[in-house]
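Visitor: Here it is, the structure, as structure tokens.
The values are calculated or read from the model by the stated rules, or taken from the named source; none is laboratory data. Model, not experiment: these values are computed from the prediction. Cβ atoms come from the backbone with ideal geometry, glycine included; neighbour counts cover every protein chain shown.
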Amino acid sequence: MAQWWQQLQQFGQSLTPQQRAIRTRLAQNPYARLRSPLEVAIAAELGLTLDANTASVDDWLRLPGISIHQARALVALTANGVQFLCLEDLAAALALPLPRLEPYAPLLRFTYRDPTSLVAPIQLNANTATPDQLAQVPVLTADLVARLVRERDRHGPYANLAALQNRLNINPDLVAQLIYYLKF
């Protein structure tokens, strides 16, 4: 234990004042927007990660140089079932050269999610999923899928799970199960 603490102290002493300030800012607010490749590297050293297959628009926007359009495109792709397995996949999806994304490598994780897994199922977007996709959700009956799609087509997208529950008058037990299968 004492050796670990000494190494940490020595590491902290070898940092420049700028690096110490970045470390302090990120330690105080792990959700802060990263401003440079140096901040990305320091965030990775602090143990911060971003899973490319579950990241939200806000998560992507934390990375320096990622635009709102790029973040939305990545989230839309993962919402539609695309899984990124490596940095090259991200570069291809964004039509960017690989070296442009390499500074993000220390922070990014590419966790494969088995679409048929009951342990960690891929969540479907209730506002964009097809009836066939929704029918694959084990807790949705054919009647409920039809009602969900009909209500969505007539009155627009669902804001969240609570809106879906209210609009379809679904019991709380079913909603508790749907948390794991649907997103908005």
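Visitor: Has the range 107-118 got any residue that is closer than 30 Å to Pro37 by Cβ and either without any contact (Cβ under 8 Å) to a residue 12 or more places away in the chain or aliphatic (A, V, I, L, M) (or both)? Before you say what the answer is, go through the steps one by one.
Guide: Just the residues of the range 107-118 that are closer than 30 Å to Pro37 by Cβ, to begin with: 107-113.
Still in the running and either without any contact (Cβ under 8 Å) to a residue 12 or more places away in the chain or aliphatic (A, V, I, L, M) (or both): 107-108.
Within the range 107-118 (the criterion being closer than 30 Å to Pro37 by Cβ and either without any contact (Cβ under 8 Å) to a residue 12 or more places away in the chain or aliphatic (A, V, I, L, M) (or both)), the answer is yes, since at least one residue qualifies.
Visitor: If you check Glu45 against the conditions, is it at pLDDT below 95 and not assigned by TED's automatic domain parsing to the domain that holds Asp132?
Guide: Yes: the conditions hold for Glu45.
Visitor: Would a scan of the range 88-106 turn up a residue that is of a type in the set (Phe, Trp, Tyr), within 23 Å of Ala41 (Cβ to Cβ) and assigned to a loop (DSSP other than H, G, I, E, B)? Talk me through it step by step, then tell me what you get.
Guide: Applying the first criterion (of a type in the set (Phe, Trp, Tyr)) to the range 88-106 yields 104.
Retained after the next criterion (residues that are within 23 Å of Ala41 (Cβ to Cβ)): 104.
Still in the running and assigned to a loop (DSSP other than H, G, I, E, B): none.
So far as the range 88-106 goes, no, none of its residues is of a type in the set (Phe, Trp, Tyr), within 23 Å of Ala41 (Cβ to Cβ) and assigned to a loop (DSSP other than H, G, I, E, B).
Visitor: Here's something else I'd like to know. Please enumerate the residues belonging to the range 75-104 that are touching a strand residue (DSSP E or B) at 6+ places or on another chain (Cβ under 9 Å), buried (at least 16 other Cβ atoms within 10 Å of the Cβ) and of a type in the set (Gly, Ala, Ser).
Guide: Ala79, the sole residue that qualifies.
Visitor: Looking at Tyr180, is it out of contact with any helix residue (DSSP H, G or I) (no Cβ under 8 Å at 6 or more places or on another chain), part of a loop (DSSP other than H, G, I, E, B) and either under 23 Å from Val82 (Cβ atoms) or not assigned by TED's automatic domain parsing to the domain that holds Arg72 (or both)?
Guide: When the stated conditions are applied, Tyr180 passes them.
Visitor: A further question follows. Taking the residues in the range 120-146 that are in contact with a Lys or Arg (Cβ under 9 Å, 6 or more places away or on another chain) and either part of a helix (DSSP H, G or I) or aliphatic (A, V, I, L, M) (or both) as candidates, determine which candidate is surrounded by the most Cβ atoms within 10 Å (Cβ to Cβ).
Guide: The residue in question is Ala126.
Visitor: Here are Ala71, Ala126, Ala92: which of them is within 30 Å of Arg167 (Cβ to Cβ) and free of Cβ contacts under 8 Å to residues at least 40 places away in the same chain? If you could, list the steps in order and put the result at the bottom.
Guide: On the way: Ala126 fails: free of Cβ contacts under 8 Å to residues at least 40 places away in the same chain; Ala92 fails: within 30 Å of Arg167 (Cβ to Cβ).
After ruling out the rest, the residue left standing is Ala71.
Visitor: Name the residue that is farthest from Ala93 (Cα to Cα), counting only residues in the range 57-74 that are surrounded by 14 or more Cβ atoms within 10 Å (Cβ to Cβ) and small (Gly, Ala, Ser).
Guide: Gly65
Visitor: Can you say whether Ala146 is of a type in the set (Gly, Ala, Ser) and touching a residue at least 12 places away in the same chain (Cβ under 8 Å), as far as the supplied structure shows?
Guide: In short, yes.
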